[in-house]
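Let me begin by presenting the structure, written as C-alpha cells, before commenting on it.
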Amino acid sequence: MSIEAHPFSLYNDPAFDMAKEQFRVISEYMNIPSDERDRLFYPKRAISVSVPIHKDDGTTAVYQGYRVQHHLSMGPTKGGTRFAPSVNMGEVAALSIWMSWKCALAGLPYGGAKGGVCVDVRSLSPRELEALSRRYMQEMIPFVGPKIDVMGPDMGTNEQVMAWFMDTYSMYVGYSVNEIVTGKPIYLGGSLGRRESTGRGVAFLVERALDVLKIDAEKCTCIVQGFGNVGAIAAASLYYKAGVKIVGLSDAYAAFYDAKGLKFEDFEEHMRTNRDLSNFTGAPRISPEDMLIQPCDILIPAAVDRVIHGGNAGQLKCRILAEGANGPTTPEADAILDQRWNDIFVIPDILCNAGGVIVSYFEWVQDLAAFFWNETEVTDKLFRILDHSFQAVVRKAKTEKISHRTAAMAIAVERVRKAKNTRGLFP
Ligand code: NAD
C-alpha cells in the first residue's frame with residue numbers, strides 16, 4: 001500500500017500529516033520506489049504508557065505518556081522528551097521523524113526518537129513534577145538504554161528532569177548510567193555548552209547566511225518568537241556577539257515590537273524573576289500574529305510548529321527565515337516560500353536547530369568514554385559540523401535549483417535509505 005493511502009489513525013495529528021506531506025514531496029523528488037517509502041517513513045516502534053502519580057492533595061492522577069523510535073538502521077535512537085498539553089502519539093511521531101532527518105543530515109550515528117507526556121507543567125508542584133518525571137522514566141525502562149534509545153530535554157523539560165530520568169534508570173540497574181540521557185547538569189555527566197548549543201547553532205547559521213547574502217550583521221534587525229532555551233539564547237548570541245538589533249520578541253503569553261530596537265537586557269532581567277513575559281511592561285506590545293509579519297532582516301520562529309502557514313507566508317518581510325523550532329513552516333507555506341526563494345533565505349529546521357542534538361551526541365560520547373572536553377572544544381566541533389552541513393545544503397540547492405529544505409531533506413533521506421538498503425529488513 002502506498003504511503004498516501006495508509007490510514008494509520010494511531011498517528012492522527014496535523015504535525016504528523018505535515019511530516020508525511022514533506023516526505024511525500026521529497027520521495028517524489030528523489031524518485032524513491034513506492035515499496036521503499038513506507039519503510040523509510042513509518043516509525044519502527046511506538047509506545048504508549050499510563051503514568052500515575054500521587055498529587056499533593058492526596059488524589060491520584062494518570063497522565064498519558066508516549067515514546068516513538070523512528071528507525072534503528074544507524075545506531076540507537078535519540079530524541080527529546082516534551083511535557084506539554086499538545087503531546088499525543090501523532091505529534092511525537094512527527095518529531096521523531098524530523099529527528100531522524102536531522103541526525104542523518106549532521107552525520108550522527110542515530111535514528112530519531114521523541115517522547116512526551118500530555119501535561120501542562122505549570123499545573124504541577126515541584127514534587128508532582130518529580131513524581132511524573134520519575135514514573136515516566138520507570139515506564140520507559142523496558143524500551144530505552146544507552147545503546148537502544150537515549151532521551152534528552154525538549155519543551156517543558158530541563159536539566160533537573162534529565163537528572164531525575166538518569167537517577168531513576170540508575171536505581172533500576174544498580175549503578176550510575178550517565179549516558180542514558182543527555183542535557184544533564186554538568187556535574188552529573190552533562191556536556192559543557194549543551195544548554196546553549198541549539199540557540200548558539202541557530203545564531204551561527206544565521207551569520208553564515210548573512211555572509212552568503214553579503215549583509216552586515218550590525219545593520220540587521222531580528223524578530224524572535226519564543227523566549228525559552230532556543231529563542232533566548234539565539235537572540236542573546238545575535239544581540240551581544242554579532243551586534244544585531246532585536247526588534248521583536250514574544251513568548252506564549254505576550255509579544256513586543258519596536259522598530260527602533262528593544263532593550264534586550266530588560267527582557268533577560270525580567271526573566272530572572274518571572275516565569276514568562278505576561279506582565280512585562282518595558283516595551284510596546286503587538287499581537288503575536290502581527291509580530292511575525294513586521295519588517296526585519298532575520299525572523300526566528302523558536303517556539304512551536306506550524307506558525308508560518310499558507311495565510312502568512314506571503315506576507316513575511318524578512319530576508320532570512322531561521323527555523324529554531326521544529327516544524328514551524330507548513331507545506332502550504334513552503335510552496336509560497338519556494339516562489340520567494342530569491343527574496344527569503346530559509347534555514348530549514350533540520351539544519352537550523354541541529355546544534356542541540358549535535359552537542360547531545362557529544363555528551364553521550366563523553367559519558368561513554370568517561371572523558372570530558374572543555375567548552376571551546378565542544379563549540380568548535382559543533383560549528384564545524386554545522387558549517388559542513390550548511391555548505392552541503394546550500395551547494396545542493398544551488399546546483400539542483402531546489403529549496404534549502406528539499407536539499408537538506410534529500411541529503412538526509414538518502415543517507416537513511418542507503419543504510420536501510422545496505423543492511424536489510426531488520427531495522
Ligand atoms: P522552551 O520550553 O524552553 O521555550 C519555549 C518558548 O516558546 C517559551 O518562551 C514559550 O512561552 C514559548 N511559546 C510556546 N508557545 C508559544 C506560542 N504559541 N507563541 C509564542 N511563543 C510560544 O522550549 P525550547 O527548548 O526553547 O524549544 C523551542 C522549540 O525548539 C521547540 O519547537 C523545540 O522542539 C525546538 N528545539 C529545541 C531544542 C533544544 O535543545 N531545546 C533543540 C531542537 C529543537
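The values are calculated or read from the model by the stated rules, or taken from the named source; none is laboratory data. What you are looking at is a predicted structure, and each value in this text was computed from that prediction instead of being measured. Heads up, the Cβs are rebuilt from the backbone with ideal geometry, glycines too, and the neighbour counts pull from every protein chain shown. Surface accessibility is based on the protein's heavy atoms, side chains included, excluding ligands, DNA and RNA. Shrake-Rupley method; radii C 1.70, N 1.55, O 1.52, S 1.80 Å.
Of everything in region 357-392 that's open to solvent by less than 20 Å² (accessible area, probe 1.4 Å) and either polar (S, T, N, Q) or modelled with pLDDT under 95 (or both), which residue is farthest from the ligand (Cβ to nearest atom)?
Across region 357-392, the extreme among qualifying residues is GLN366.
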Return the total of residues in region 190-221 being open to solvent by less than 10 Å² (accessible area, probe 1.4 Å) and either of a type in the set (D, E, K, R) or away from the ligand (no atom under 13 Å from the Cβ) (or both). 5
Assuming LYS263 fulfils every condition listed in (1) open to solvent by 50 Å² or more (accessible area, probe 1.4 Å); (2) closer than 22 Å to ASP367 by Cα; (3) out of contact with any Phe, Trp or Tyr (no Cβ under 9 Å at 6 or more places or on another chain); (4) away from the ligand (no atom under 12 Å from the Cβ) apart from one, which condition is it? (2)
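Of everything in region 368-387 that's touching a residue at least 40 places away in the same chain (Cβ under 8 Å) and under 23 Å from the mean Cα position of the chain (by Cα), which residue is farthest from ALA209 (Cα to Cα)?
GLU375
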Restricted to region 277-291 and to residues being open to solvent by less than 50 Å² (accessible area, probe 1.4 Å) and within 11 Å of GLY248 (Cβ to Cβ), the residue nearest to the ligand (Cβ to nearest atom) is MET291
Among the residues of region 222-252 satisfying the criterion of being closer than 20 Å to ASP305 by Cβ and not hydrophobic (A, V, I, L, M, F, W, C), which is most open to solvent (accessible area, probe 1.4 Å)? ASN229
When the residues of region 140-155 are narrowed to those that are in contact with a Lys or Arg (Cβ under 9 Å, 6 or more places away or on another chain) and open to solvent by 40 Å² or more (accessible area, probe 1.4 Å), which ends up nearest to the ligand (Cβ to nearest atom)? MET155
Check region 31-46 and report whether any residue there is out of contact with any Leu (no Cβ under 9 Å at 6 or more places or on another chain), surrounded by 14 or more Cβ atoms within 10 Å (Cβ to Cβ) and either outside any helix (DSSP H, G or I) or modelled with pLDDT under 90 (or both). yes
Among residues of region 338-356, those that are part of a loop (DSSP other than H, G, I, E, B), hydrophobic (A, V, I, L, M, F, W, C) and either surrounded by 24 or more Cβ atoms within 10 Å (Cβ to Cβ) or within 12 Å of the ligand (Cβ to nearest atom) (or both), counted: 1
Of (1) modelled with pLDDT of 95 or more; (2) open to solvent by 20 Å² or more (accessible area, probe 1.4 Å); (3) of a type outside the set (Lys, Arg), VAL177 fails just (2)
Among the numbered criteria (1) within 16 Å of the ligand (Cβ to nearest atom); (2) open to solvent by 20 Å² or more (accessible area, probe 1.4 Å), which single criterion is violated by ALA335? (1)
Take the residues in region 393-410 that are touching a residue at least 60 places away in the same chain (Cβ under 8 Å) and over 18 Å from ALA335 (Cα atoms), then tell me which one is most open to solvent (accessible area, probe 1.4 Å). VAL394
Residue count, region 56-105 (criterion: without any contact (Cβ under 8 Å) to a residue 60 or more places away in the chain, in contact with a helix residue (DSSP H, G or I) (Cβ under 7 Å, 6 or more places away or on another chain) and open to solvent by 10 Å² or more (accessible area, probe 1.4 Å)): 1
